[in-house]
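Visitor: Below you will find the structure I want to go over with you.
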Amino acid sequence: MTVTDSWPMVDSSTTAKQTANHLRKLVEGSKDVFETEESNLPVINMSIGDPTIFGNFKTHPLVLEATIEQFQSYKYNGYNNSTGLTSARAAIAKEYSEPEHSVNFTQNDVFVTCGCSGAVEISISSLCSPGDNILIPKPGFPLYKSCAESRGVAYKQYNLLPSEGWKVDLNNLESLIDNRTKAILVNNPSNPCGSNWDKQHIQEILDICDRHKIPLISDEIYNGLIFSGETFFSAASISKRVPILTLGGLAKRYMMPGWRVGWITVHDPLHVMTTVKEGITELCGLLLGPSAPIQAAIPKIFEGTFNAEYTKQNCDQLEANANAIFQGISTIRGLTPILPRGAMYLMVLVDPSLFDQHLSSGIEIFKNLMHEEHVQILPGEAFDFMNSFRIVITPPKDKLVEAISRINTFCNRHYI
């Protein structure tokens, strides 16, 4: 062996090279650029789905108390079961069971993960091998394709239809299925669309899964965050045959995304997921789950009598914000907002023929709106949907009014 004074460049792994959080790179890259600019306009951030940024959406004090109690007990400072604390898994199973629909989870059907992002990664990894493919929504949350790419799994994007409240184009979805398709992933209520599907539409998706014997991954992290007149249906509550991995977590419902507690529940009406559950168990062993004291607080959090009132208060505020944004954007020529039915987002369609090159694409809108008016939105390209952008509806009312005014000024500046 020859010893030299110089080292060759150390190469990263294939997995690392295939891994990229496209959304984070886009937002954090722009932050570095614009923080150096001098401006009298403070930035209004309507790009990241973090409801805690402005302080108007707060974690309930009783959630904090339940968690502090567990930290102070000194009972949960050690390692715990890699799939989650037994008490937490049992509480999640109870909370999300729907006996009236023959959904009766046990703790053995629940796997606690490091945030819902961890649930996405483990669910895809448990069903798909390199060379397989998964079907994901377009527009859709970019982490889905990031997790697939990281594991050497191909993804195909099925279309959502804005003219139909962002329902799935069912013919397009079914046309994408081949013999290497191992899962269909849906997100309801949706990021970025803010949609909430009716029971019939979910059944239509399940019928496709059943015909082709393909499991469903249902990202339901926004479960509970729906607006007046809407009813939420979990995919598991409807499925009598199709196995479903449902993804959830504390992040959105309790306004605490930084706490990083998510989970997977396995609905297996025909008992065909035994090997998959074993695989999920092994994958959970790689990270050993999120904070044990926070997991330990879950039973008390779910039992809290504050839940219904707290959730309604948050939904009412989100809906009021959504309506204000919708009404304001609707008055701006060339922009067409799609009224959301839940979650924390509103998508805006853009007619580029009415604007100069500064609004020729979502990316140009993203860059130039931030540069000129210091309003940060996300371009549709982040969700693989051209001529659009996403607005987060969580800022306080005064921030929303100011943001809409700046967007109007920006558009007026760039009409042809």
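Visitor: If the cut-off is 15 Å between C-alpha atoms, which aspartates and glutamates fall inside it for Lys300, apart from same-chain ones fewer than 8 positions away?
Guide: Glu65, Glu69, Glu95
Visitor: Classify region 307-415 as rounded, prolate or oblate, taking a ≥ b ≥ c as the square roots of the eigenvalues of its Cα gyration tensor: rounded when a/c is under 1.5, otherwise prolate if a/b is larger than b/c and oblate if not.
Guide: It comes out prolate by the Cα gyration axes.
Visitor: Take the alpha-carbon positions of region 63-304, form their convex hull, and give its projected area averaged over all directions (one quarter of the hull surface) in nm².
Guide: Hull-based average projected area comes out at 12.6 nm².
Visitor: If you put +1 on each Lys and Arg Cβ and -1 on each Asp and Glu Cβ, how big is the dipole of region 262-416 around its Cα centre, in Debye rounded to 20?
Guide: 280 debye
Visitor: Between Thr275 and Arg241, what is the FRET efficiency for a Förster distance of 25 Å, r being their Cβ-Cβ separation, to the nearest 0.05? Before the final figure, lay out the partial values.
Guide: On the way: r = 18 Å, r/R0 = 0.72.
Between Thr275 and Arg241 the formula returns 0.85.
Visitor: Moving on to the next point. For the chain, modelled as a Gaussian network with Cα springs under 10 Å, which listed residue fluctuates most, Ser291, Ser73, Ser330?
Guide: Ser73
Visitor: Which value results when the Cα radius of gyration for region 370-416 is divided by 2.2 N^0.38 Å?
Guide: Region 370-416 yields a ratio of 1.22.
Visitor: With a 10 Å radius around each residue's Cβ, average the other Cβ atoms per peptide and rank 142-151, 230-239, 187-196, highest first.
Guide: The packing order, highest mean first, is 187-196, 142-151, 230-239.
Visitor: Then there is this: Give me the percent of the accessible area of region 186-237 that comes from carbon and sulfur atoms, probe 1.4 Å, all protein chains in place.
Guide: Whole-percent figure for carbon plus sulfur exposure: 48.
Visitor: Still on this structure, please answer the following. How would you order 77-87, 99-109 from highest to lowest mean count of nearby Cβ atoms within 10 Å?
Guide: Packing proxy ranking, top to bottom: 77-87, 99-109.
Visitor: What three numbers, in Å, describe the spread of the alpha carbons of the chain along their principal axes, ordered from the longest?
Guide: Largest to smallest, the principal-axis extents are 70, 60, 51 Å.
Visitor: Could you check which residue among Leu354, Leu170, Leu270 shows the biggest mean-square fluctuation in a GNM of the chain with a 10 Å Cα cutoff?
Guide: So, out of Leu354, Leu170, Leu270, the one fluctuating most is Leu270.
Visitor: Let's see if you can work this out: charge +1 on each Lys and Arg Cβ, -1 on each Asp and Glu Cβ, no other charges. What is the dipole magnitude of the chain about its Cα centre, in debye to the nearest 20?
Guide: Roughly 460 debye for the chain.
Visitor: Continuing with the same structure: What does the highest-first list of 294-307, 48-61 look like by mean Cβ count within 10 Å?
Guide: Most protected by this proxy first, the peptides run 294-307, 48-61.
Visitor: Further question: Using just the helices of the chain, give the 222 nm mean residue ellipticity in deg cm²/dmol: DSSP H runs with n ≥ 4 each add -39,500 (n - 2.57), and the total is spread over all residues, rounded to 500.
Guide: Taking each H run of at least 4 residues, the total per residue is -12000 deg cm²/dmol.
Visitor: Using each residue's phi in region 66-75, evaluate 6.51 cos²θ - 1.76 cosθ + 1.60 at θ = phi - 60° and report the 3J(HN,Hα) Karplus result to the nearest Hz, with x for Gly and Pro.
Guide: Coupling constants for region 66-75: 4, 6, 4, 4, 6, 4, 6, 6, 6, 8 Hz.
Visitor: Per residue, how much accessible surface does the chain expose to a 1.4 Å probe? Answer in Å², no decimals.
Guide: Values: 18540 Å² over 416 residues.
It amounts to 45 Å² per residue over the chain.
Visitor: Full-extension gain between Ile363 and Asn412, please, as 0.36 nm times their residue separation minus the C-alpha to C-alpha distance. Each step should come with its number before you reach the end.
Guide: Details: separation 49, 0.36 × 49 = 17.64 nm, distance 1.83 nm.
So the chain would gain 15.8 nm between Ile363 and Asn412.
Visitor: Another one. Can you give me the angle between helix 86-96 and the longest principal axis of the chain, using Cα atoms only, in degrees from 0 to 90, rounded to the nearest 10?
Guide: Taking Cα atoms only, the helix is inclined about 60 degrees.
Visitor: Near the amide H of Cys128, under 5 Å away, which other amide H atoms are found, from residues 5 or more places off or on another chain, if H is placed in the peptide plane?
Guide: When sequence neighbours closer than 5 places are left aside, there are no close amide H contacts.
Visitor: Additional query: For the chain, modelled as a GNM with alpha-carbon contacts under 10 angstrom, which of Val276, Val168, Val112 fluctuates the most?
Guide: Val276
The values are calculated or read from the model by the stated rules, or taken from the named source; none is laboratory data. Here the structure is a predicted model, which means the values were calculated and not measured. Cβ coordinates were reconstructed from backbone atoms using ideal geometry, including for glycine residues, and neighbour counts include every protein chain displayed. All accessible areas refer to the heavy atoms of the entire protein, side chains included, with ligands and DNA or RNA removed. Shrake-Rupley method; radii C 1.70, N 1.55, O 1.52, S 1.80 Å.
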